[in-house]
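One structure is given below, encoded as structure tokens.
The values are calculated or read from the model by the stated rules, or taken from the named source; none is laboratory data. Predicted model, so just to flag it, every value in this text is computed and none were measured. Don't worry about glycine lacking a Cβ; one is built from the backbone with ideal geometry, like all the others, and counts go over all protein chains shown. Please note that ligands, DNA and RNA were not included when accessible areas were found on the heavy atoms of the full protein model with its side chains. Shrake-Rupley method; radii C 1.70, N 1.55, O 1.52, S 1.80 Å.
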Amino acid sequence: MSVGFVDPMTFLEEGRTGITEVGQWLAAVNPYRLRQRSRVLSPDRPRLRRTSWP
């Protein structure tokens, strides 16, 4: 019998978590591994107005 281990840093470098269920969900909702800045969505926060001209 032989046992092999995967380097945990490999998962992080590829943007994975190492948790199978989380990885499957991420692959389903983001199949091309597109990245964007994180944000917080909450119904309790007021909406901010954006100005499109100076």
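Peptide packing for 39-50, 4-15, 20-31 was compared via the average number of neighbouring C-beta atoms within 10 Å per residue; ordered from the highest value, the list is 20-31, 4-15, 39-50.
Take the Cα atoms of the chain, build their convex hull, and give its volume per residue in Å³. Provide the component values of the computation, followed by the final result.
Details: hull volume 9.1 nm³, N = 54.
Hull volume over Cα atoms, normalised by residue count, gives 168 Å³.
Using only side-chain charges placed at the Cβ, +1 for Lys and Arg and -1 for Asp and Glu, the dipole size of the chain relative to its Cα centre rounds to 640 debye.
Against the chain, whose longest principal axis comes from its Cα atoms, helix 20-29 is set at around 40 degrees.
Carbon and sulfur atoms: what percent of the 1.4 Å accessible area of the chain do they account for?
Details: 3540 of 6330 Å².
Of all accessible area on the chain, carbon and sulfur atoms account for 56 percent.
Positive end of the dipole of the chain (Cβ unit charges, origin at the Cα centre): among Leu26, Val6, Gln36, the Cα lying farthest that way belongs to Gln36. Take the chain with all the other protein chains still there, run a 1.4 Å probe, and you get 117 Å² of accessible area per residue.
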